[in-house]
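Asker: Okay, here's the structure, questions in a sec.
The values are calculated or read from the model by the stated rules, or taken from the named source; none is laboratory data. What you see is a predicted model, and the numbers here were worked out from it, not measured in a lab. Every residue, glycine as well, gets a Cβ built from its backbone with ideal geometry; the counts of neighbours run over all protein chains shown.
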Amino acid sequence: MCLRLLIYLFIDFVNDMQGWLQSYLSNRTQSVRISHHSSTPTSCTTGVPQGSVLGPLLFVIYTSPIAMIIRSFQVCHQQYADDTQLFISLNPSDPSSDITNLTSCLHALQSSFCLNGMALNPDKSNAILLGTRQRSRCYASLRSVDVAGCSVSFSDHIKIPVIGSS
């Protein structure tokens, strides 16, 4: 009998939370205020209120499928806020198959992003090949990787953002 009561309480809690979140995220408006002037409020149908306590948690929940998709392609990754880096190790005897797998991973991410109102921005994407001089010769034929239908050329250097800097 006690287990049945716990199950009912849990289901009731989940339903309450779902209603609370729906209420929190719907029927919102936004406007711009400069000095003493405000724009006309307009409906806000996506996103979460900036500066909210729940914002970071909801963002993590919203973007968590990214990691599952990347892992399904056996690609290593690192995420910080809205920045994601993908890492692969190339097989010197067949690097093109590894690049093809990375491209497939990026395509799956792009499809998921489109379904969820997000975008993979090729203009903000970088690609770099790292290795010894001898190993780099094996990759001489590799020129770019496809990101969201755009060719991103391999660079000889990239900027890595430092956390906490502007």
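Asker: Any idea which of (1) touching a helix residue (DSSP H, G or I) at 6+ places or on another chain (Cβ under 8 Å); (2) touching a residue at least 40 places away in the same chain (Cβ under 8 Å) is the one Gly149 doesn't satisfy?
Answerer: Looking at each condition in turn, Gly149 falls short on (2).
Asker: May I ask you to say which residue of Gly47, Gly51 is surrounded by fewer than 10 Cβ atoms within 10 Å (Cβ to Cβ), free of Cβ contacts under 8 Å to residues at least 12 places away in the same chain and within 25 Å of the chain's Cα centre (by Cα)?
Answerer: Gly51 is the lone residue from the list that is surrounded by fewer than 10 Cβ atoms within 10 Å (Cβ to Cβ), free of Cβ contacts under 8 Å to residues at least 12 places away in the same chain and within 25 Å of the chain's Cα centre (by Cα).
Asker: Within the set of pairs 6 or more residues apart or between chains, which connect a residue that is free of Cβ contacts under 8 Å to residues at least 40 places away in the same chain inside the stretch 111-127 to a residue that is among the aromatic types (Phe, Trp, Tyr) with Cβ atoms less than 6 Å apart?
Answerer: Here the result reads Ala119/Phe113; Leu120/Phe113; Ala127/Phe154, each pair linking the stretch 111-127 to a residue that is among the aromatic types (Phe, Trp, Tyr).
Asker: Here's a follow-up. Taking interchain pairs and intrachain pairs at least six residues apart, which have beta carbon atoms under 8 angstrom, with the first residue in the stretch 77-100 and closer than 19 Å to Ala67 by Cα and at pLDDT 85 or above and the second of a type in the set (A, V, I, L, M) and assigned to a strand (DSSP E or B)?
Answerer: His77/Leu86; Ile99/Val145
Asker: So, Tyr139, is that one touching a residue at least 60 places away in the same chain (Cβ under 8 Å) and of a type outside the set (Gly, Ala, Ser) or not? First the steps, then the outcome.
Answerer: On the way: touching a residue at least 60 places away in the same chain (Cβ under 8 Å): no; of a type outside the set (Gly, Ala, Ser): yes.
Against the criterion (touching a residue at least 60 places away in the same chain (Cβ under 8 Å) and of a type outside the set (Gly, Ala, Ser)), Tyr139 does not qualify.
Asker: While we're here: Look at Leu130 and say whether it is surrounded by 15 or more Cβ atoms within 10 Å (Cβ to Cβ), at pLDDT below 85, of a type outside the set (Lys, Arg) and not in a helix (DSSP H, G or I).
Answerer: The answer is no for Leu130.
Asker: With the structure loaded, tell me whether Ser144 is among the hydroxyl-bearing types (Ser, Thr, Tyr) and without any contact (Cβ under 8 Å) to a residue 12 or more places away in the chain or whether it fails that test.
Answerer: no
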